[in-house]
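Below you'll find the structure, written out as C-alpha cells, and then a few comments.
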Ligand code: HEM
C-alpha cells in the first residue's frame, strides 16, 4: 500500500476498523503515518460514537498501566471495539480480560499458578513431543499447508493438555474457538447462528468437564477453576464458563498465528532464516522478534472512566480507545530499524502481549511453544519457501493466517 505523504490523517481517509484493510497484512504505512502526524487519532464510526487510536509505544504503555482511568470492564463496553454487552446478547459473566482491579486481580490469581515457571517447566517435554509428532508427519513431503497441518493443531493440543481434555474429545475445540473469535471472516464464522451453536456446544462440554473434575479433581486447569475459592466461595458456573472460553480462545488463535506468520516472515527474509538455521541458540530472541514483527493481536480496547489527556489529546469520560499493539511494535522511538526483521535484536520491549495488569497470562507459554516449534521445524526443514498465496483472516482484531502453502525443500 502506498500512502500520499501529504495525506492528512485527520481527514479520515481510511477506516481502521474496516476488516478489509487487513487482508494483505496490517496497514503498516498508515500506522507509521499516524505515529508521525497524529499519534492519538480520532476516528468517527458510522455505527458508533467513534474511538481514539493510540499508536505510539509510550502512550500505549501509559494507558495500559492506568486501569483506573482507562477501563477494560464489560459494563463500560469491554475489550473489543464493539460493545460486548450489546453484541453478545447473552447473559454470560465477564471474564478477567473484561474486568478492572481489584476484581480483576482476584480472578487472575485464580489461574495464574497454572502459567507459572514451575508448571511450564513440566509442560516443556509434552510440548516438544507433540511438536515432533506433528512435524514428523511432514517428513518426506515436498509441500504442506502449515496452518492446517501444524500451526492450528499445536496450540490447541497444548491447551487441551493444560485443561486435561482427553485426546478423543479434542476435535470440536477447533471449530468452537474459530467461531468465537473471527466474527468478520465468513470462512471461520459462516453465520451468527453457527457462532451461537458453537458457543452452546462449548459451554455444554465445559459443564461436563466441571462435573467430572468436581467428582475427581486432577492436576489440570479445569480442576483449578472448579475448586478455587474467591472470598471463601466456589466461583459461579457462569464465571467458570467465561474463564474456560477466554483461555481456549486467547491461547489458541494467537499462538497459531504467531507460528504461521513467523514462518511466513522467515520465508520472506532468507538471510534471517539462514541465520536462525545456523545458530539455533538464538531461537529465544528470534521468537520475541517474531512476536514484535507479527503482533498476533492487533489491538485491545479501553474506555475512559474520567476526563484525561494522552499524547496531547483531551479524552472525555466514556470515550473508547483502541490500543494498536501492531503500531507500537514498529515505533521508531523504541526500536532501531523498526521496519526490519532482525532476529538478534532482543525485542523484549515489544507489546505483542500487552502491558500492565492485563499483561498476557499465557505469554511465557506462547513464547515457549513458538521457540520449540522453530527449533524442531528448522531442524527438519531448513529451507522452507512460500509455495502460493498466503490467505489471511479478515479481521481488525487478530493478525491471522488461514493458509500458508509451503515448499519444504528438505
Ligand atoms: C502469541 C500468542 C499470544 C498473544 C500475542 C497474546 C496477546 C495477548 C494480549 C495483547 C493480551 C492483553 C489484553 C489487554 O491488555 O487487554 C492478552 C491477555 C490474555 N491472554 Fe494472551 N496472547 C497469546 C497467548 C496466550 C495464551 C497461550 C494464553 C493461555 C492459554 C493466553 C491467555 C490470555 C489471558 C487469560 C489474557 C487476559 C489476562 C488478563 O486480563 O489479566 N494468551 N494476550
Margin query: Checking the structure you have, find out if any residue of the range 369-378 is within 9 Å of the ligand (Cβ to nearest atom) and crowded, with 21+ Cβ neighbours inside 10 Å.
Written below: yes
Next item on the list: Answer with yes or no whether residue 364 is within 13 Å of the ligand (Cβ to nearest atom), surrounded by fewer than 18 Cβ atoms within 10 Å (Cβ to Cβ) and over 26 Å from residue 81 (Cβ atoms).
Entry: yes
Margin query: Quick test for you: out of 322, 328, 352, 347, pick the one residue that is surrounded by 21 or more Cβ atoms within 10 Å (Cβ to Cβ), modelled with pLDDT under 95, within 15 Å of the ligand (Cβ to nearest atom) and under 21 Å from residue 291 (Cα atoms).
Written below: 347
Next item on the list: Among the strands (runs of 3 or more DSSP E) lying completely within the range 310-403, list those that include at least 3 residues that are free of Cβ contacts under 8 Å to residues at least 40 places away in the same chain and either more than 21 Å from residue 134 (Cβ to Cβ) or in contact with a strand residue (DSSP E or B) (Cβ under 8 Å, 6 or more places away or on another chain) (or both).
Entry: none
Item checked: For residue 256: the one exception among (1) surrounded by fewer than 20 Cβ atoms within 10 Å (Cβ to Cβ); (2) touching a helix residue (DSSP H, G or I) at 6+ places or on another chain (Cβ under 9 Å); (3) closer than 24 Å to residue 122 by Cβ -> (1)
Item checked: In the range 13-25, the residues that are out of contact with any strand residue (DSSP E or B) (no Cβ under 9 Å at 6 or more places or on another chain), farther than 14 Å from residue 81 by Cβ and touching a residue at least 24 places away in the same chain (Cβ under 8 Å) -> 20
Notebook entry, point to check: Does at least one position in the range 253-260 carry a residue that is modelled with pLDDT under 90, part of a helix (DSSP H, G or I) and under 30 Å from residue 329 (Cα atoms)?
Noted result: yes
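Condition check ((1) at pLDDT 90 or above; (2) loosely packed, with under 14 Cβ neighbours inside 10 Å) across all residues:
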residue	(1), (2)
192	no, yes
195	no, no
204	yes, yes
212	yes, no
234	no, no
246	no, no
Checklist line | Set 296, 280: member being more than 11 Å from the ligand (Cβ to nearest atom), touching a helix residue (DSSP H, G or I) at 6+ places or on another chain (Cβ under 7 Å) and within 20 Å of residue 368 (Cβ to Cβ) | finding: 280
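The values are calculated or read from the model by the stated rules, or taken from the named source; none is laboratory data. Because the structure is a prediction, the values reported are computed rather than measured. Backbone-built Cβ (ideal geometry, glycine too); neighbour counts: all protein chains shown.
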